[in-house]
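Since the structure comes first, as structure tokens, the remarks are kept for the end.
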Amino acid sequence: MTVPPPRSPVDALADGFWEDFLQREPIYATTLGDERYDDRLGDPGPEGRVRERAAYDAVLAGAAPIDRAALGVEDRITLDMLETVARVGLAQLDQELHQLAVVDQMAGPQQIPGELAIFQRVDSAERLERLLARLAAYPAYMSAWEGVLRDAVASGRMPAPAVMTRTIDQVADLVATPIEEAPLLVRHPELAEDDRRRVRDALERHVLPAQSRFLEALRAAAPHVRAGDGIWSTPGGDAAYRTAILASTTIDATPQELHDFGLGQLEGIDHERLAIARELGHAGTAELRAALDADPANRATDPGRLVELARAQVERAAAAAPAWFGRLPRAACVVEAVEPFRERDSPTAFYAPPAVDGSRPGIYKINTYQPENRPLHRLATTTFHEAIPGHHFQLAIEIELPGLHPFRTQGSRLAGVAYVEGWGLYSERLADEMGLFLDPQERIGMLDAQAFRAARLVVDTGIHAFRWERRRAVDFLTGIGLTPLEAETETDRYIAWPGQALAYMTGQREILALRQELEARDGALFDLQRFHDEILGHAALPLATLRHELPNWVKPRGT
């Protein structure tokens, strides 16, 4: 009989943290396809935070005696990630940043029932019972969030006016939506009539009253919104923003450094856009943009047209990928429209990774709300970022990696999103190298997207560190090419999620710098396919870890 190798002390430490995390965050477990906790919700109240703090303290205490010099590569990475998660998590608890999470139009607790419609399976009697138990727990869960909201009012850690308005409007829409149009019923037409009745009854008895009470609590708290749009206007806001930067990027960068980098990137991208504008016969970028805006062929009146185009782009990228990647995901990537209940407040697109057990593919979500306001020449670069070769390749491959601890393959986002979003943004430039853009207009869409991410550095730091008002941020984004609808939605996203928008170009900068370093080192023997395989072959990493380790993994061609 083959005896398995002994568990390393790092894996043992990760075991305890990861299992406790899944129990504390059962919705996260459900999104991974782990059904053990499908009958419960997390605890956003004081006891939940005590347990969260204990988990972080246990990681740091367990890591202290481990001999780092004796560790292999993967154990070093795992330990680094565990400590990163623990230190950032403790800082967020100390600064009571959970109080800012209660009012959130992007991912607030009001969205849980709709998300369950996507991620929780109901195709057996046992699975249906777990869903019903979870819905029965929803009133207590929302009551705990109402307690957090009261604490936020008392402490002054309140959202900005635009975030409060969007969240109230979203919850009001949820309350007003007929039960028969609830995502849990719409998305599961296969349910037998008796099962549909039980789900309908649970929504009427538990979910709708809880949403209604939450709406009342939000309206009561609305007069207490913070004075400024940025986190600077909350108690300890400047320190909280530095923590948000670290949580998102995993590097200790100053707001001024990131702001200046964004402005520099915008200048370089403007030169690229001007060259294409002149190639197409326009005097400048503004004239090209006006022509694209006026071109009826660049607009879709039918929401389904956006989904149709995205599917064709995914297929095109998948066909080209084997020449650029040796490692390909087994999971498929499907394209779907964002659900009506959240399309108004959602970004242009986003990606949900496949279930660990293969029961659900990767899902690329396209926002088809007001399609006439979503220029078609920008869709391709979004597809290549969110789907192939972007997030789908990185996240699906991550889940499928053999031998790595589940914390690494399933929980890497806990250690920041700069690697993940940096890969997505790098993939947009890579798609240009791969010849995936069909015409100069789509290449302009790619450059607009690059400019957009550079502008995020400017706007996020502008709002949260340099006291920009919302209107200034919206005007800045429309000035670099976003539509007014996009600029307002994105600005309110940055206001709600301080620091998150910094991850994209910060991560891309690191990946490009490493590629250039290795190209200079290896010259004609540089192996781009191996570079991509090694970047994707160790799951998401803190940026400092990536910089230290990647040059050791990527070998010249033929070695």
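Bear in mind these aren't lab numbers, they're just calculated from the coordinates by the rules spelled out. In this text, all values refer to a predicted model and were calculated from it rather than measured experimentally. All Cβ positions, even for glycine, are placed from backbone atoms using ideal geometry, and neighbour counts span all protein chains on display.
Its alpha carbons give the stretch 451-521 an Rg and a Dmax of 14.1, 47 Å. Using only side-chain charges placed at the Cβ, +1 for Lys and Arg and -1 for Asp and Glu, the dipole size of the chain relative to its Cα centre rounds to 280 debye. Seen from every direction in turn and averaged, the convex hull around the alpha carbons of the stretch 333-431 projects onto 7.1 nm². From helices alone, the chain scores -19500 deg cm²/dmol at 222 nm; the rule is -39500 (n - 2.57) for each run of n ≥ 4 DSSP H residues, then divide by the residue total. Across the stretch 20-64, the volume of the C-alpha convex hull divided among the residues equals 67 Å³ per residue.
Computed from the mean reciprocal separation of all distinct C-alpha pairs, what Kirkwood hydrodynamic radius does the stretch 401-443 have, in Å?
In the stretch 401-443 this quantity evaluates to 12.5 Å.
So what is the diffusion coefficient of the stretch 1-95 in µm² per second by Stokes-Einstein at 25 °C and 0.890 mPa s, using a Kirkwood Rh over Cα pairs? The estimated diffusion coefficient comes to 167 µm²/s.
Once the stretch 221-265 is represented by equal point scatterers at the alpha-carbon sites, with solvent omitted, what log10 I(q)/I(0) does the Debye formula produce at q = 0.21, 0.30 Å⁻¹? Debye curve over Cα of the stretch 221-265, log10 I(q)/I(0) at q = 0.21, 0.30 Å⁻¹: -0.78, -1.06. Annotation: extensible slack from LEU328 through LEU525 equals 68.7 nm (criterion: 0.36 nm per residue apart, minus Cα-Cα distance).
Taking 1 over the mean of 1/r across every pair of different Cα atoms in the stretch 98-152, what Kirkwood radius in Å do you get?
12.4
Assuming a viscosity of 1.567 mPa s and a temperature of 4 °C, what translational diffusion coefficient in µm² per second does Stokes-Einstein assign to the stretch 103-226, Rh being the Kirkwood radius over Cα pairs? My calculation gives 85 µm²/s for D.
Here the stretch 253-508 is described by how far its Cα atoms reach on the three principal axes: 53, 41, 37 Å, from widest to narrowest.
What you get for the stretch 413-461, charging only the Cβ of Lys and Arg (+1) and of Asp and Glu (-1), is a dipole of about 220 debye around the Cα centre. Panel values: the chain, Kirkwood radius from alpha carbon pairs, Stokes-Einstein at 4 °C and 1.567 mPa s, translational diffusion coefficient 53 µm²/s. Over the stretch 214-334, how many percent of alpha carbon pairs lie in each 5 Å bin up to the one with the longest distance? Percent of Cα pairs in each bin: 2, 7, 8, 8, 8, 12, 15, 18, 13, 6, 2, 0. Between VAL186 and ASN552, the contour length at 0.36 nm per residue exceeds the Cα-Cα span by 126.7 nm. How much FRET efficiency would the formula 1/(1 + (r/R0)^6) give for ASP252 and ARG205, where r is the Cβ-Cβ distance and R0 is 56 Å, rounded to 0.05? For R0 = 56 Å, the calculated efficiency reads 0.70.
So if R0 is 60 Å, what FRET efficiency would ALA297 and ARG150 give, r being the distance between their Cβ atoms, rounded to the nearest 0.05?
Efficiency at R0 = 60 Å is approximately 0.70.
Quotient of the Cα radius of gyration of the stretch 500-559 and 2.2 N^0.38 Å, N being its number of residues: 1.13. Taking the centroid of alpha carbons for each part, the stretch 378-454 and the stretch 349-373 are 14 Å apart.
Each semi-axis of the equivalent ellipsoid for the stretch 436-559 is √(5λ) with λ an eigenvalue of the Cα gyration tensor; in descending order they amount to 34, 18, 11 Å. Each of VAL175, VAL163 was scored by other Cβ atoms within 10 Å of its Cβ. Listed from fewest to most, they are VAL175, VAL163. Return, ordered by residue number, the residues of the stretch 472-507 whose backbone nitrogen is under 13 Å from a label point located 7 Å along Cα→Cβ of ASP270. Backbone N within reach: 479-481.
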